[in-house]
1. How many lysine pairs are close in segment 101-202, with Cα atoms under 24 Å apart and the two 8 or more places apart or on different chains?
2. I want to verify a result. In a Gaussian network model of the chain, Cα cutoff 10 Å, which of these has the top mean-square fluctuation: Gln186, Gln33, Gln142?
3. If the cut-off is a Cα-Cα distance under 19 Å, which aspartates and glutamates reach Lys69, setting aside same-chain residues fewer than 8 apart in sequence?
4. Which residue, Glu101, Glu189, Glu171, tops the fluctuation ranking in a GNM of the chain built on C-alpha contacts under 10 Å?
5. Using Cβ contacts closer than 10 Å as the measure, can you line up Thr167, Thr90 from fewest to most?
6. Output ³J(HN,Hα) for segment 134-150: one whole-Hz value per residue in order, computed from phi by the Karplus curve 6.51 cos²θ - 1.76 cosθ + 1.60 with θ = phi - 60°, and x for Gly and Pro.
7. Bin width 10 Å, alpha-carbon pairs only: give the P(r) of segment 29-184 as whole percents, running from 0 to the bin holding the largest distance.
8. If each residue's Cβ is checked for other Cβ atoms within 10 Å, how do Phe109, Phe2 rank with the fewest at the top?
Amino acid sequence: MFDRLKVNDPVPAGSNILLIIGGSGGVGSIAVQLARQLTNMTIIATASRPESRSWVSELGAHHVLDHSKPMAPQIEALGLEAPGYVFSTTHTEQHVNDIAESIAPQGRFLLIDDPDNVSIGPFKLKAISIHWEMMFTRSMYQTTDMDEQRKLLNNVADLVDAGKIKTTLTEVIEPINADNLRLAHQKIESNKTIGKIVLAGF
């Protein structure tokens with residue numbers, strides 16, 4: 001959010017609003033908290049079920065949208081301007097046209113998943129900048145700023161120690177065996193998990 005999306009740098013035509021798609025997943029759950037603790041942005045997160053909507057609200061989202069429905073009308077119904085920043089953590093391919101409609105002109109769009117086929121054409125008219133984040137890019141390519149990853153993780157650890165953000169762990173499945181591995185994958189593939197699932201114990 002800070003290195004790629006540059007949420008602390010204003011978007012000329014956009015509002016100080018961050019839309020996080022997939023707010024109740026593992027990455028989204030941390031992103032909501034970091035944005036709430038480290039910025040003065042209005043945070044909109046998406047979640048489609050009552051329990052996941054409640055979860056992202058507890059983590060600090062100011063507003064919650066249902067990503068199973070068009071997002072732009074929901075943002076407008078809240079009386080909000082178009083978000084200057086959009087962070088898609090999952091299912092980007094399904095939401096790309098909705099994101100293009102929702103985001104402000106000259107906004108910034110960040111994604112972390114691996115969509116099979118995403119056309120960036122819808123973003124051209126608004127001159128949207130598109131950014132991918134890959135955690136291991138710095139270490140894989142031995143970039144000169146490789147130490148930034150350590151700094152980021154240390155900053156998050158400090159926030160956890162200070163009680164400003166909480167763990168996203170919501171379920172522990174044990175012991176580690178083939179059946180429980182299949183169970184964990186089934187839960188994740190259901191697209192109904194909240195936070196992170198951990199497999200523990202041999």
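Nothing in this text is a laboratory measurement; each read-out follows from the coordinates by a stated rule. All values reported here derive from a predicted model rather than from experimental measurement. Every residue, glycine as well, gets a Cβ built from its backbone with ideal geometry; the counts of neighbours run over all protein chains shown.
1. Working: Lys151/Lys164; Lys151/Lys166; Lys151/Lys196; Lys164/Lys196; Lys166/Lys187; Lys166/Lys192; Lys166/Lys196; Lys187/Lys196.
Step by step, the pairs that qualify in segment 101-202 add up to 8.
2. Maximum fluctuation in the GNM of the chain, among the listed residues, is at Gln142.
3. Once the sequence-local aspartates and glutamates are set aside, what remains near Lys69 is Glu51, Glu81, Glu93, Asp98, Glu101.
4. Sorting by GNM fluctuation, first place goes to Glu189.
5. Working: Thr167 11, Thr90 22.
Fewest-to-most Cβ neighbours within 10 Å comes out as Thr167, Thr90.
6. Working through the residues one at a time gives 9, 4, 9, 4, 4, 6, 4, 9, 6, 5, 5, 9, 4, 5, 4, 5, 4 Hz.
7. Final binned percentages: 9, 30, 36, 22, 4, 0.
8. Working: Phe109 25, Phe2 14.
The most exposed by this proxy come first: Phe2, Phe109.
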